[in-house]
1. Cβ under 11 Å from residue A:143's Cβ, residue A:143 left aside: what net charge do those residues give with Lys, Arg +1 and Asp, Glu -1?
2. Inside 10 Å of the C-beta atoms of A:75-82, what's the mean count of C-beta atoms belonging to other chains?
3. With labels modelled as points extended 7 Å from the Cα through the Cβ direction, what inter-label distance (nm, one decimal) is found for residue B:342 paired with residue B:152?
4. If I take every Cα pair under 8 Å that is 6 or more residues apart in chain B, average their sequence separation and divide by the length, what percent do I get for the relative contact order?
5. Among B:38, B:277, B:131, which one moves the most in a GNM of chain B with springs linking Cα atoms closer than 10 Å?
6. If R0 is 25 Å, what FRET efficiency do you get for residue B:182 and residue B:121 from their C-beta distance, rounded to 0.05?
7. Cut-off 10 angstrom, C-alpha nodes, Gaussian network model of chain B. Which of B:41, B:117, B:302 fluctuates the most?
8. With axes computed from alpha carbons, what is the tilt in degrees of helix B:3-25 against the longest principal axis of chain B, rounded to the nearest 10 within 0 to 90?
Amino acid sequence: MDILNRKLLTFLSTTVLFVLLLATGTFISIAANKTTQKQKVMAAAVFKFIKFVDWENNILQSKNSFHMCLQKYDASFEPFIKRKVQGKMIKLIILTAEKKPDRCDALYLNSTHPQAMENFNSYKNTATLTISEQAGFLSQGGIIELGSHNNRLTFSINQLMAKTNQLNIGFQLLSLAKHVI
Amino acid sequence: MSESHVNKVTWITSIFLSMIISVSANDDEENFLDISLEKILAIPLDLNAVNILESHIHKKNEWMVGYRFMHMGMNGNLSDDNQVSNANVLKDYMVTPTSMTMDMHMASLMYAPSDNLTLMAMMPYQSNSMEHVTRMGQKFTTRSEGIGDLKIMANAVTYRTRWDEHIFNIKGGLSIPTGSITERDDTPMGKNQKLPYPMQLGSGTFDFIPGISYAGLNQNWGWGAQMLGTIRTGKNDQHYRLGDKLDGSLWLSRIWDNWISTSIRMNGEWWEDIHGEDSELNRTMVTTANPNIRGGKRVNMLLAIELYAPQGGLKGQHLGFELGLPVYQALDGPQLETDWTISAGWQWTF
């Protein structure tokens with residue numbers, strides 16, 4: 001009987017410990033706006049992409065801010081709003097069916113929602129740097145396709161599409177890209 | 001330095017490091033915005049778990065050094081899944097073990113010559129202590145301490161999806177008999193007596209370790225399964241061979257942030273009786289010297305928390321803590337039952 005009680009006590013204390021671990025994790029997760037290593041790496045890479053691309057004909061010069069459009073909210077992009085790119089403060093815009101700005105200087109399709117392709121088509125032929133994780137994105141007319149190899153981020157570039165959209169891809173990006181077409 | 005002092009230092013160091021990692025992980029720098037694109041492309045998207053070393057895959061030319069401390073407590077005897085009192089065991093044997101503790105310090109080194117192949121070497125140092133009682137009621141303790149068997153393994157990726165959401169591996173390894181199988185200690189039966197099988201530090205044989213594993217990952221969750229076998233070969237120079245072993249794990253982890261995750265793991269172990277017999281041991285004296293009651297099966301539930309420093313002065317450092325409890329065990333007994341295990345591990349990838 002003693003053994004049974006001891007086992008029951010051990011089981012109960014383990015369950016309590018596990019619940020506490022989950023509760024702590026949830027609290028930390030909420031406090032940290034729930035971003036994973038992968039999201040932070042992706043956001044940092046997107047930040048570098050927009051820094052190493054030039055928008056031709058001074059397209060951005062007359063604008064007040066740089067429009068960074070996202071298919072869905074991602075807390076790892078929050079630090080962008082304190083940063084400048086091409087001399088302009090970055091403005092984060094989350095696209096919805098009702099809310100589509102006249103221009104997106106960069107568009108990151110961070111969702112596979114059917115609406116993503118519609119959004120992509122809306123900005124595909126404008127001076128927009130389009131970025132997606134979707135396989136085959138370059139062949140659909142996208143400019144930067146993200147991938148991974150051995151647990152690390154990789155990316156490929158469609159330079160022809162970039163030129164069509166009046167974007168100059170910096171050599172820093174071209175030299176680190178896995179594929180350039 | 002005494003064993004308990006070493007254990008205390010291990011735990012205090014682990015807690016101290018975890019606090020530093022927690023603080024450093026909250027730094028703004030962890031957003032990675034101010035580091036070069038080359039460095040961003042070198043950051044792992046997901047983290048290798050400290051507690052399942054054999055599942056690790058590393059990037060080409062990446063090294064990892066690690067240390068893990070594990071403590072296991074055993075108390076009371078089981079025969080099949082039934083408790084057996086000391087009095088009952090002592091009807092058939094002169095001596096019965098009543099409890100045992102095992103402390104293991106495991107050093108590991110990994111290197112990836114390519115993205116699809118990771119090589120690893122693991123060397124344990126363990127200390128065992130077993131309490132006994134004789135039919136006459138006399139209590140005594142035996143101890144053994146030293147290096148265990150060196151394990152070398154290769155882990156090869158056989159299939160992976162584009163984002164490494166699903167990775168399948170095969171693995172193969174060899175256990176080299178560097179651990180002693182001639183440990184001795186004083187007992188009431190005489191001075192410098194040969195200790196029974198569970199108190200020896202190695203197998204004494206070259207053992208093959210084949211295995212397969214699968215790991216899945218999405219944004220917030222990781223999961224996986226692994227099967228590892230241990231196939232013993234020949235007989236050691238004490239004329240016996242430990243039983244073959246099968247070890248399977250299923251795990252699910254929640255990735256809360258880029259510096260913290262928690263996981264639950266079910267681990268099943270099945271191992272055979274010993275083949276042959278050490279002629280210096282008397283199988284009727286004590287249960288642990290009887291080679292025919294050494295097998296068993298056990299299912300453990302393990303809960304873990306893992307901390308990682310993605311940036312800052314401790315970049316690449318990884319800490320893990322795991323608590324394990326058996327939820328089912330059936331032993332060819334009478335044999336000591338496991339009550340709990342606890343472990344703390346540190347890794348540094350560079």
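FYI, it's all coordinate maths here, none of it is from the lab. Fair warning: this is a prediction, and the values are worked out from it, not measured in the lab. Quick reminder, even Gly has a Cβ in these numbers, built from the backbone with ideal geometry, and neighbours come from all protein chains shown.
1. Around residue A:143, the surrounding residues sum to +1.
2. Whole-number average of other-chain Cβ neighbours for A:75-82 is 2.
3. 3.6 nm
4. Relative contact order of chain B: 19 percent.
5. B:38
6. It comes to 0.55.
7. B:41
8. Once rounded, the angle reads 20 degrees.
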